[in-house]
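Just so you know, all these numbers are worked out from the coordinates, no wet-lab data involved. Since this is a predicted model, take the numbers as computed values, not measurements. Please note: Cβ atoms are built from the backbone with ideal geometry, for glycine as well, and neighbour counts cover all protein chains shown.
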Amino acid sequence: MSKNTSIIILGVDPGTLITGFGVIEARGGTVRVLEYDVVRNQSDQSMPIRLKAIYTALCKVIDRFHPDEFAIETAFYGKNAQSAMKLGHARGVSILAAVNYEIPTSEYSPREVKRSVAGTGAASKDQVSYMVQSILKLKTPPRFYDATDALAVALCHSFQTGGRLPRTSRGKKSHRSWSEYVQAHPEKLARPR
């Protein structure tokens, strides 16, 4: 990636009560924050209303910043089934927002995210928050760990990809639909035996 080319990454830490999001711009070897915040829902709201709020808020962020890439934290499997299902709903509507805008999407485990920003997959929320503040030179810490975690997800994606641009920005042909991709790459189809 040249020094003048930048990539905008939207990172998301999903949750049905609080979903964190962070938007960063990677240019050359530098990274800067564009925006971070949380979508807060009330516990007395129905699940469909909470999910709509997450989806709507993320669509507004996408409309404002036009991210090139979308990164989200995968589900943590140590929770109970009910919590995992709720987290799955929040992840689903978050990913749907990105997919509807045709933004390439990547997923990272909590351990991968922690290791990429703090050097260890067992880092605490405080350690991750401190490192995110340090890397992004934030003057004040984000109010919620969910926002810090979302920025960490975006940073993890930037580190994993080397800040390189998505294929469409590197001059390769982009495919607008699955059928267009299949027509262009018939050799990648699995054939029945």
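Worth pointing out:
- Computed extension gain for residue 35 through residue 140, at 0.36 nm per residue and net of the alpha carbon distance, reaches 36.5 nm.
- A simple packing score, the average count of other Cβ atoms within 10 Å per residue, orders the peptides 44-52, 19-27, 142-150, 129-137 as 19-27, 142-150, 129-137, 44-52, with the highest score first.
- The Cα center of the stretch 126-151 and the Cα center of the stretch 13-89 differ in position by 15 Å.
- Beyond 28 Å in Cα-Cα separation lie the following of the pairs 86/125; 52/139; 60/137: 52/139.
- Model label sites at residue 126 and residue 101, defined 7 Å from Cα along the beta-carbon direction, differ in position by 3.5 nm.
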